[in-house]
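Student: Before I ask anything, let me first share the structure, which is written out below as structure tokens.
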Amino acid sequence: MKLAKKDLNKALEILSAGAIVFAPTFEMIEDKSEGGQTMAEKKFMPYKEGMFIALDGPNTVKPPKDILFPNVEKMYRYKTGVNAEIQEIIPEDTKKILFGIRPCDMRSIDSMDKVFLTKEYVDSYYAKRRENVVTVAFGCTEPERTCFCDSMGIDPNNAPSADVMMNVAKGSNGDAFILEAYTDKGKELLEQIKSLDGGAGEAQRDTKCQLQINKDPELDKKLAGMFEHPIWDKITKGCIGCGTCTFVCPTCYCFDIDNENYGAEGCKYRCWDSCMFSDYTRMAGGANPRPTKKERLRNRYMHKLSYFNERYGETLCVGCGRCVANCPSHLDISEFIEKATAADPNAETYTDAPGKEA
Amino acid sequence: MAGLTEAQVQDRIREEAKKALATGEVSAVVGWTSTRFEDKTKPYFAETEAECDLLVWNKYCINGTGKFALDDRYPEKKIAIIARGCDSRALNRMLRDKQLKRENLYIIGVVCDGKENAVCEGCQHKNPLTYDVLIGEPVEEQIDADRFKEIEAFEKLSPDERYEYWAKQYDKCIHCYACRNACPACNCVECYADQYRTGWQGKAADREQNQVYGLTRAYHVGDRCIECGECERVCPMNLPIMRQTKKMLKDINDLFGDYECGLPDDAMPILGSYKLEDPDEFM
């Protein structure tokens, strides 16, 4: 179907009747002090009447993964002592529509589905949220300079696993969109807004990423043999060991489980964890098999580019570029991919200035 | 830059870096190198003569270099740090806090004319304060008349308005600890926030725990902040973190007189020491 841009809010209005619609927008925080300014953050927020929908332009700073896998998820409440009891907390049964998710982020949901729903274990919290979510993906129109999803095998114009795929209509100058249902859930969704259908049209699908990187197609296998390679020492030195890359990453899914205690009552919750943190692998006795940022960053890159391939048959880095854009030290996973592609896997030493060594 | 062009400074940096490595007493020289983006550089450890030629000097050299000296607290060799004014203050901070030993450092000071970084506008120390060798001619320092302007404006808001502002800011926080890891005053061997089992700091990134972290961080570094602005620069969620430490510094300046951290003759942190003549009107 064809949807005029001016009808976008109408469409979300209609869809909001039966679901919470999450769409990319700018959250404003006003600074009331003299000379203060309003700060805006692009993020997925529940649709409210008249909300500005920021479909194009850069992607959101944080990925929409927390809609399926919240940053903090309460799992059960308990009472201790003589009247001990446990009360499970089940995620609410609310239909959600994820509107305007980019193909890179859609692919990240595919990866999370594999983690939480396959290999003989189904995470009930994730499963409950996942079955209630309908995805409307939007083909990128203005990739950022840090975007390299097409080098990672993802088409920035198309998200095959989305329920509905939405692209700018050819020749419309961005004033109209073509929506195509890929699944039954998607057909149902389009049925709801068919009163806004402006007829047939062709989708514009010619976006290419700005950043094209040179990646060994078998990099996962090559890296599997490079665990002790001297490249790790070199490329991890500039890291400051914060968790930014993991928390802005759409495919980082590690979590920790902890308690919140108030006297004889409490709550068990799980929350995002980061393999960049010192306590991630720290044992109760204090020993830590990943004592420095070298081992931690190596684990992150290996997980994205090799370990996940081994277990699930696909690369975990989707090339969204968020870690590249947000790293305080301006480290760049795409640069690492190129360096590892070029590196001799059996080298005894590694330098950034090759050919000049004595 | 007085005397030297950008390219000349870069040449001098490479030259001094090579000299330092050639002594055999230095394991690496920490400076900046280029990235694939013209307007970004990244911290870099040059460990060979050839790698020294990858060091760059331009207006995008914004990352602090001082904190990297803490990566190895018991080094076999010295570490050389290319230090602007702010980086030298960072090193002074860690020396004052007894986290580093001066004999383990080789400091290549570079007179800095400000970078593409908002915090540089209020810089009062373009000349490195501590160094073993200095590149560039020292320039006259400026006093920043607007040092606490933002704080004065913010103080005029009501407590409720200020609370609402910070609550919204800390709702954005993702608990990545970039502000802590970039901060030269955050130099504890083990941060309280990493000791989860103690129950001091919860791991959940919710309003409550984020604010606990924000407050603890601000109070802990407040009287030791060198105003390098790294906390605010590195924050992926754009929290105005400097506003907290600046408030602490402003109050200290109001109560105790001129106070700036990271100077070579730095006294004890003012809230970490006690004198009989300290003001106590509030008691």
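Student: In degrees, nearest 10, range 0 to 90: what is the angle between the Cα axis of helix B:207-221 and the longest Cα principal axis of chain B?
Tutor: That works out to roughly 60 degrees.
Student: Ratio of Rg to Rh for the protein assembly as shown, alpha carbon only, Kirkwood?
Tutor: Using Cα coordinates only, the ratio equals 0.98.
Student: Kindly report, to the nearest 10 Å², the accessible surface of residue A:42 as traced by a 1.4 Å probe over protein heavy atoms only.
Tutor: Accessible surface of residue A:42 is approximately 20 Å².
Student: Right, next: What ranking of B:198, A:244 comes out by heavy-atom accessible area, probe 1.4 Å, highest first?
Tutor: Ranked from most to least accessible, the order is B:198, A:244.
Student: Same structure, new question: At a Förster distance of 51 Å, what's the computed FRET efficiency of residue B:251 paired with residue B:25, Cβ-Cβ distance as r, to 0.05?
Tutor: So the FRET efficiency works out to roughly 0.75.
Student: Here is a follow-up. Fully extended, how many nm does the chain gain between residue B:72 and residue B:155 (0.36 nm per residue separation, minus their Cα-Cα distance)?
Tutor: 25.8 nm
Student: Rounded to the nearest 500 deg cm²/dmol, what is the calculated helix-only ellipticity per residue at 222 nm for chain B, with -39500 (n - 2.57) per DSSP H run of length n ≥ 4?
Tutor: Here the helix-only value at 222 nm equals -10000 deg cm²/dmol.
Student: In whole percent, how big is the carbon plus sulfur part of the accessible area of the protein assembly as shown, probe 1.4 Å, protein atoms only?
Tutor: Using a 1.4 Å probe with all protein chains present, the protein assembly as shown comes out at 50 percent carbon and sulfur.
Student: Where nothing but the Cβ of Lys and Arg (+1) and of Asp and Glu (-1) is charged, how large is the charge dipole of the range A:123-236 around its Cα centre, in debye to the nearest 20?
Tutor: Dipole about the Cα centre, nearest 20: 140 debye.
Student: OK, next. In degrees between 0 and 90, to the nearest 10, how far off the longest principal axis of chain B does helix B:242-256 point, with axes built from Cα atoms?
Tutor: Once rounded, one gets 80 degrees.
Student: Here is a further query. Pick from A:146, A:38, A:341: which residue has the top mean-square fluctuation in a GNM of chain A where Cα pairs under 10 Å get a spring?
Tutor: Between A:146, A:38, A:341, it is A:38 that shows the largest mean-square fluctuation.
Student: Reported to two decimal places, what Rg/Rh ratio describes chain A when computed on Cα atoms with Rh from the Kirkwood expression?
Tutor: 1.00
Student: Place a point 7 Å from the Cα of residue A:206 along the Cα-to-Cβ direction; which residues of the range A:141-174 have their backbone N under 17 Å from it?
Tutor: Taking a point 7 Å out along Cα→Cβ of residue A:206, the residues of the range A:141-174 whose backbone N falls under 17 Å are A:141-143, A:156-158, A:167-174.
Student: Kirkwood Rh over alpha-carbon pairs of chain B, then Stokes-Einstein at 25 °C and 0.890 mPa s: what D in µm² s⁻¹, rounded to an integer?
Tutor: 122
Student: While we're on this one: Sort by residue number and name the cysteines in chain B that have no neighbouring cysteine Cβ under 4.7 Å.
Tutor: For chain B, the answer is B:52, B:61, B:112, B:120, B:123, B:173, B:176, B:188, B:191, B:225, B:235, B:261, because their Cβ atoms have no other cysteine Cβ under 4.7 Å.
Student: Which distance in nm do the two modelled labels at residue B:99 and residue B:197 give, with both placed 7 Å along the Cα-to-Cβ direction?
Tutor: Those two pseudo-labels are separated by 2.4 nm.
Student: Would you list A:96, A:215, A:74 from the most to the least accessible area, probe 1.4 Å?
Tutor: Order by accessible area, largest first: A:74, A:215, A:96.
Student: Residue B:137 versus residue A:94, label points 7 Å from Cα toward the beta carbon: distance in nm?
Tutor: Going from the residue B:137 label point to the residue A:94 one covers 6.6 nm.
Student: Would you mind working out the magnitude of the charge dipole of chain A relative to its Cα centre, with +1 at each Lys and Arg C-beta and -1 at each Asp and Glu C-beta, to the nearest 20 Debye?
Tutor: I would put it at about 200 debye.
Student: Using a Förster radius of 41 Å, what is the FRET efficiency between residue A:4 and residue A:122 based on their Cβ-Cβ separation? Nearest 0.05, please.
Tutor: With R0 = 41 Å, the Cβ-Cβ based efficiency is 0.50.
Student: Same structure, new question: Report the gain in length on full extension from residue A:14 to residue A:40: 0.36 nm times residue separation, minus Cα-Cα distance, nm rounded to one decimal.
Tutor: So the chain would gain 6.7 nm between residue A:14 and residue A:40.
Student: When only the heavy atoms of the protein chains count and the probe is 1.4 Å, how do A:197, B:278, B:160, A:175 rank by accessible area, highest first?
Tutor: Correct descending sequence by accessible area is B:160, A:175, A:197, B:278.
Student: Across all directions of projection, what mean area in square nanometres is found for the Cα convex hull of the range B:149-272?
Tutor: Projected over every direction and averaged, the Cα hull of the range B:149-272 covers 8.2 nm².
Student: Angle, helix B:85-96 long axis vs. longest principal axis of chain B, Cα atoms, 0 to 90°, nearest 10?
Tutor: 70
Student: Using 7 Å Cα-to-Cβ label points, what is the residue A:82/residue A:265 separation (nm, one decimal)?
Tutor: Distance between the two pseudo-spin positions: 1.9 nm.
Student: List the extent of the Cα atoms of the range A:219-342 along each of their three principal axes, largest first, rounded to whole Å.
Tutor: 58, 31, 30
Student: By average Cβ neighbour count within 10 Å, what is the ranking of A:117-124, A:81-88, A:321-328, B:97-104 from highest down?
Tutor: Going from most to least packed, we get A:321-328, B:97-104, A:117-124, A:81-88.
Student: Set the bar at 25 Å for Cα to Cα. Now go through A:5/A:187; A:6/A:62; A:6/A:65 and name every pair that lies beyond it.
Tutor: A:6/A:62; A:6/A:65, as the Cα separations exceed 25 Å there.
Student: Further question on the same structure: Leaving ligands, DNA and RNA out of it, work out the accessible area of residue B:57 with a 1.4 Å probe and give it in Å² to the nearest 10.
Tutor: 10
Student: Determine the gain in length on full extension of the stretch residue A:295-residue A:214; use 0.36 nm per residue of separation and subtract their C-alpha separation, reporting nm with one decimal.
Tutor: Gain in length upon complete extension: 26.7 nm.
Student: Looking at A:99, A:225, B:148, which one has the Cα that reaches farthest to the positive end of the dipole of the protein assembly as shown (charges on Cβ: Lys, Arg +1; Asp, Glu -1)?
Tutor: Highest projection toward the positive end goes to A:225.
Student: Rank B:282, B:241, B:261 by how far each Cα sits towards the positive end of the charge dipole of the range B:200-283 (+1 on Lys, Arg Cβ; -1 on Asp, Glu Cβ) and give me just the farthest.
Tutor: My answer, from the dipole projection, is B:241.
Student: Next question, about the same structure. Ignoring everything but the protein chains, give the 1.4 Å probe accessible area of residue B:73 in square angstrom, nearest 10.
Tutor: 60
Student: Highest first, please rank the peptides B:176-187, A:309-320 by the mean number of other Cβ atoms sitting within 10 Å of their residues.
Tutor: The densest-packed peptide leads the list: B:176-187, A:309-320.
Student: Mind putting a number on the dipole of the range B:1-152 about its Cα centre? Charges go on the C-beta only, +1 for Lys and Arg and -1 for Asp and Glu, and I need it in Debye to the nearest 20.
Tutor: Here the range B:1-152 has a charge dipole of around 500 debye.
Student: Can you give me the C-alpha center-to-center distance between the range A:1-63 and the range B:115-181, rounded to a whole angstrom?
Tutor: If you average the Cα positions of each part, the centres end up 31 Å apart.
The values are calculated or read from the model by the stated rules, or taken from the named source; none is laboratory data. Bear in mind the structure is a predicted one, so any value in this text is a computation, not a measurement. Please note: Cβ atoms are built from the backbone with ideal geometry, for glycine as well, and neighbour counts cover all protein chains shown. In case anyone asks, the SASA skips ligands and DNA or RNA and just uses the protein heavy atoms, side chains included. Shrake-Rupley method; radii C 1.70, N 1.55, O 1.52, S 1.80 Å.
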